[in-house]
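Undergrad: What follows is a structure written as structure tokens; I'll ask about it next.
The values are calculated or read from the model by the stated rules, or taken from the named source; none is laboratory data. What you see is a predicted model, and the numbers here were worked out from it, not measured in a lab. Counting neighbours? That spans all protein chains shown, and the Cβs are built from the backbone with ideal geometry, glycine included. Only protein heavy atoms, including side chains, enter the accessible area calculation; ligands, DNA and RNA are left aside. Shrake-Rupley method; radii C 1.70, N 1.55, O 1.52, S 1.80 Å.
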Amino acid sequence: MAIDFNSLEKLAEGKTKIIYKNPEDEKTVYMVFKDDITAGDGVKHDVIEGKAAIDWKTNRDIFEFLNRKGVRTHYIDSPDEKVCLVKKLDFKINLEVVTRRVAAGSILKWGNAEEGTRYDPLITQFHYKDDPLHDPMLDDAYVDYIIRVKRGGEIYAEMRKTNAQIFLYLEEAFAHYDIQLVDFKLEYGIIENKVTVIDEITGGSFRLWPYAHKNPNLNQPNILKELDPEGRLDKDTYRMGGSLEKVQEKFEQIARITEGFKNL
């Protein structure tokens, strides 16, 4: 039976989702996906009909995969299309936590990195969530200092550790489909006094580059020639001006891939 959201209290609305109160359980809320897509800290904005259902499928499959791996997440169930039942936050941590395996995107500009550089071990960075300020990055040395000295430093340590572990899980999963997980960003909150993965994990959360050929050599300093960035399956297609039809096609490909995670 479909949920009548017109009768429910709207608690919050963001760029791509709406949060509704669950009148039957105060410890949970409904997270509903929208057809909107944005880039450039919200400056670029479009609506792709059907995107909400696509993102919902990808998000469902990835969170169920992570839950099976024992990762602490807010995800409980998907009771209806475009709808997730999630645990209610006690406190949202206003950070995006980015983990990178391969140099791509903004790090090429601000970090003077060479595209395709492989990071081993993974690198993880914290960005303060603020669109007008362009999500500025926290200094790595200062984050290390917070972890060592400051009260609450264990929260940063837990996020850094969890992000890296999730990356390894998803990197291995996508590798089954000859795809390299390049980087991703996750968000966290506190639920029942524990650091918990929240929000969504969809095509806008990561970069995915297919392998350029079978059996690529991924254990070298730069792996750009082993990958096919032009065949990317992520939101960079939208950021780079691809048609909305092409963006939807890419997101549909991701959903078809993550559907197979139930077998991993």
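Undergrad: Could you please tell me which pairs satisfy a Cβ distance under 9 Å, a separation of 6+ or placement on different chains, a first residue in the stretch 76-100 that is charged (D, E, K, R), and a second residue that is modelled with pLDDT under 95?
TA: Listed pairs, sorted by first residue: D80/M1; D80/A2; D80/I3; E81/A2; E96/K129; E96/D135.
Undergrad: Now for a different question. Which of the following residues is hydrophobic (A, V, I, L, M, F, W, C), under 20 Å from the mean Cα position of the chain (by Cα) and over 26 Å from L264 (Cβ atoms): A157, A113, A164?
TA: Result of the check over A157, A113, A164: A157.
Undergrad: Still on this model: For the stretch 1-10, how many residues are open to solvent by 50 Å² or more (accessible area, probe 1.4 Å) and of a type outside the set (G, A, S)?
TA: The number of residues fulfilling the criteria is 5.
Undergrad: Right, next: Regarding the stretch 207-216, can at least one residue be identified that is touching a Leu at 6+ places or on another chain (Cβ under 9 Å), open to solvent by 10 Å² or more (accessible area, probe 1.4 Å), of a type outside the set (S, T, Y) and assigned to a strand (DSSP E or B)?
TA: Yes, because at least one residue in the stretch 207-216 is touching a Leu at 6+ places or on another chain (Cβ under 9 Å), open to solvent by 10 Å² or more (accessible area, probe 1.4 Å), of a type outside the set (S, T, Y) and assigned to a strand (DSSP E or B).
Undergrad: Name every residue in the stretch 160-206 that is open to solvent by 40 Å² or more (accessible area, probe 1.4 Å), closer than 22 Å to G105 by Cα and part of a strand (DSSP E or B), in order of residue number.
TA: K185
Undergrad: Sticking with this structure for a sec: Identify, from the list E252, E230, E245, E226, the residue that is among the acidic types (D, E), crowded, with 20+ Cβ neighbours inside 10 Å and out of contact with any strand residue (DSSP E or B) (no Cβ under 6 Å at 6 or more places or on another chain).
TA: Answer to the selection: E226.
Undergrad: Any idea how many residues of the stretch 95-127 are open to solvent by 60 Å² or more (accessible area, probe 1.4 Å) and assigned to a strand (DSSP E or B)?
TA: 2
Undergrad: Taking the condition open to solvent by less than 80 Å² (accessible area, probe 1.4 Å), at pLDDT 95 or above and farther than 26 Å from L66 by Cβ, does A141 pass?
TA: Spelling it out, A141 is indeed open to solvent by less than 80 Å² (accessible area, probe 1.4 Å), at pLDDT 95 or above and farther than 26 Å from L66 by Cβ.
Undergrad: Is there a residue being farther than 30 Å from N263 by Cβ, more than 15 Å from the chain's Cα centre (by Cα) and surrounded by 13 or more Cβ atoms within 10 Å (Cβ to Cβ) anywhere in the stretch 45-65?
TA: yes
Undergrad: Oh, and also: Would you confirm, using the coordinates I've provided, whether A39 is of a type in the set (A, V, I, L, M, F, W, C) and in contact (Cβ under 8 Å) with a residue 60 or more places away in the chain?
TA: It is true that A39 is of a type in the set (A, V, I, L, M, F, W, C) and in contact (Cβ under 8 Å) with a residue 60 or more places away in the chain.
Table: residues versus (1) more than 20 Å from T196 (Cβ to Cβ); (2) surrounded by 14 or more Cβ atoms within 10 Å (Cβ to Cβ); (3) at pLDDT 95 or above; (4) of a type in the set (D, E).
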{"position": "A12", "(1), (2), (3), (4)": "no, no, yes, no"}
{"position": "Y20", "(1), (2), (3), (4)": "no, yes, yes, no"}
{"position": "V32", "(1), (2), (3), (4)": "no, yes, yes, no"}
{"position": "N67", "(1), (2), (3), (4)": "no, yes, yes, no"}
{"position": "Y75", "(1), (2), (3), (4)": "no, yes, yes, no"}
{"position": "K82", "(1), (2), (3), (4)": "yes, yes, yes, no"}
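Undergrad: Which count do you get for residues in the stretch 9-36 that are of a type outside the set (A, V, I, L, M, F, W, C) and without any contact (Cβ under 8 Å) to a residue 40 or more places away in the chain?
TA: 13
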